[in-house]
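Reviewing the structure listed below.
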Amino acid sequence: MIVALLALTTIYTFYMGYTDGSNAVATCITTKAMHPRFAIYLSAAIQFITVIVLYFVVQDMSVAATIGKGMIKASAYEGLSAKGAFIFMFSALLSAILWSLITFFLKQPNSTSHTLLGGIIGAGIGSFGFGAILWSNVLVRIVLMIFLAPIISVLIGFLINKLLRRIALRAGVGSGKVVKVLQWFNVVFLSAAISVNDAQKSFGIYLLLFTVGLTTIATPPVYLPFVFGAALSFGMIFGGYRIIVTIGQKLFKIKPLMSLSSQIATNIVIFSSSALGIPISTGQVISSTVVGIGISERARGVKWLTVKRIVLGWIITMPATVLFGAVFYLFSNWIIGGIL
């Protein structure tokens with residue numbers, strides 16, 4: 001059971017790398033500050049290293065704790081059989097993976113974070129009922145952030161870009177080279193920021209395995225950071241060009257200084273969210289910072305139809321995956337329950 005669930009978690013981690021990882025390099029590739037292949041491999045390496053450092057050195061799993069313990073009441077797991085725990089976890093992960101596949105083939109923007117969280121909540125409702133959900137935590141840390149994170153990101157992107165424009169104007173001709181070098185540094189920081197938040201979602205799944213009683217070891221095994229880090233990195237390497245184009249061109253035509261503004265703003269939001277233990281959609285954040293920068297430059301230049309399509313994806317993801325999780329639990333309980 002544990003092997004099957006960790007395999008599904010690894011698949012989903014790969015998908016997070018596939019869709020989220022390229023956000024770290026989207027703007028610098030668009031502005032030609034870095035060669036695409038070099039940027040992708042550098043970011044993939046940083047994301048892998050960050051997972052290892054997070055596990056062995058930093059050891060801060062605030063986001064993982066929110067996923068593993070902060071959504072469903074502990075009392076709901078009392079007396080839960082191994083079969084019941086497996087069906088709950090299997091349904092949550094399966095709903096997240098299948099919804100991700102559906103949105104991928106429909107080319108509909110999707111939040112990997114909210115997909116996973118919605119699947120867990122839906123499976124929790126199917127398994128334990130509405131009353132078992134910690135609605136105060138869910139509404140404040142998850143649902144509210146679906147709407148609040150983009151607003152904050154737009155505002156920070158707007159302000160950072162205004163500030164950097166003033167600094168660049170005073171700096172004169174040499175500022176272009178400085179901006180290019182700073183973009184390189186920010187790719188490293190942004191890759192680390194994305195990896196910190198995404199990897200903790202995977203560790204959170206393991207923590208949930210402990211919470212439901214499928215394992216007696218609370219600390220993730222030493223091999224897991226290598227597995228999850230590799231999954232994120234390979235996902236980054238094999239996918240995401242479509243997202244690079246969307247972020248760098250289809251929202252607003254990004255220029256070098258705007259790329260730097262987006263990187264700095266995204267770093268601020270993601271690192272802050274990780275420190276507060278809030279699972280956040282990294283794609284949602286960087287898209288919103290680009291929109292904020294576009295507004296600060298020329299609001300009419302923002303591709304508002306693309307923005308509306310992305311926002312629609314954010315809005316429907318959570319209720320859709322909650323429904324998927326509940327339905328998959330009922331289906332899995334009927335099929336798997338008769339086998340195990």
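The values are calculated or read from the model by the stated rules, or taken from the named source; none is laboratory data. The structure displayed is predicted, hence computed values, not measured ones. All Cβ positions, even for glycine, are placed from backbone atoms using ideal geometry, and neighbour counts span all protein chains on display.
Inside the stretch 209-224, can you point out the residues that are buried (at least 16 other Cβ atoms within 10 Å of the Cβ) and either of a type outside the set (A, V, I, L, M, F, W, C) or not in a helix (DSSP H, G or I) (or both)? The answer is THR211, VAL212, LEU214, THR215, PRO220. Among the residues of the stretch 98-131, the ones that are hydrophobic (A, V, I, L, M, F, W, C) and either assigned to a loop (DSSP other than H, G, I, E, B) or buried (at least 18 other Cβ atoms within 10 Å of the Cβ) (or both) come to 9 in all. Within the stretch 29-51, does at least one residue satisfy the condition of being within 30 Å of MET89 (Cα to Cα) and of a type in the set (S, T, N, Q)? Yes: the stretch 29-51 contains one or more residues that are within 30 Å of MET89 (Cα to Cα) and of a type in the set (S, T, N, Q).
Residues that are crowded, with 24+ Cβ neighbours inside 10 Å and of a type in the set (Val, Ile, Thr) within the stretch 270-303 comprise ILE270, ILE280, THR282, VAL285, ILE286, THR289, VAL290, VAL291, ILE293, listed in sequence order. Only one of the numbered conditions (1) within 15 Å of the chain's Cα centre (by Cα); (2) under 20 Å from LYS73 (Cβ atoms) is not met by ALA92, and that is (1).
Conditions tested, residue by residue: (1) out of contact with any Cys (no Cβ under 9 Å at 6 or more places or on another chain); (2) at pLDDT below 90.
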position: GLY235; (1), (2): yes, no
position: GLY240; (1), (2): yes, yes
position: ILE244; (1), (2): yes, yes
position: LYS250; (1), (2): yes, yes
position: LEU260; (1), (2): no, yes
position: SER273; (1), (2): yes, yes
position: GLY277; (1), (2): yes, yes
position: GLN284; (1), (2): yes, yes
position: THR289; (1), (2): yes, no
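Yes or no, residue by residue, for (1) at pLDDT below 90; (2) within 16 Å of the chain's Cα centre (by Cα):
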{"position": "VAL51", "(1), (2)": "no, yes"}
{"position": "ASP60", "(1), (2)": "yes, no"}
{"position": "THR66", "(1), (2)": "yes, yes"}
{"position": "LYS69", "(1), (2)": "yes, no"}
{"position": "ALA82", "(1), (2)": "no, no"}
{"position": "PHE86", "(1), (2)": "no, no"}
{"position": "PHE105", "(1), (2)": "yes, no"}
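Among the numbered conditions (1) within 26 Å of MET318 (Cα to Cα); (2) crowded, with 24+ Cβ neighbours inside 10 Å; (3) modelled with pLDDT under 90, the only one that CYS28 does not meet is (1). Residues in the stretch 250-288 that are β-branched (Val, Ile, Thr) and under 14 Å from MET145 (Cβ atoms): VAL269, ILE270, ILE278, ILE280, THR282, VAL285. Each residue in the stretch 148-190 was checked for being in contact (Cβ under 8 Å) with a residue 40 or more places away in the chain and among the charged types (D, E, K, R), and 3 of them qualify. The residues of the stretch 96-120 that are farther than 16 Å from SER202 by Cα and not hydroxyl-bearing (Ser, Thr, Tyr), listed by number, are LEU98, TRP99, LEU101, ILE102, PHE104, PHE105, LEU106, LYS107, GLN108, PRO109, ASN110.
Scanning the stretch 144-174 for residues that are crowded, with 19+ Cβ neighbours inside 10 Å and not polar (S, T, N, Q) gives MET145, ILE146, ALA149, PRO150, ILE152, VAL154, ILE156, GLY157, PHE158, ILE160, LEU164.
Screening VAL227 on (1) part of a helix (DSSP H, G or I); (2) at pLDDT below 90; (3) surrounded by fewer than 20 Cβ atoms within 10 Å (Cβ to Cβ) shows it passes everything except condition (2). Within the stretch 85-100, one or more residues are among the polar types (S, T, N, Q), closer than 19 Å to GLY283 by Cβ and touching a residue at least 60 places away in the same chain (Cβ under 8 Å).
Are any residues in the stretch 18-43 among the small types (Gly, Ala, Ser) and more than 21 Å from LYS107 (Cβ to Cβ), and if so, which ones? Within the stretch 18-43, ALA24, ALA33, ALA39, SER43 qualify.
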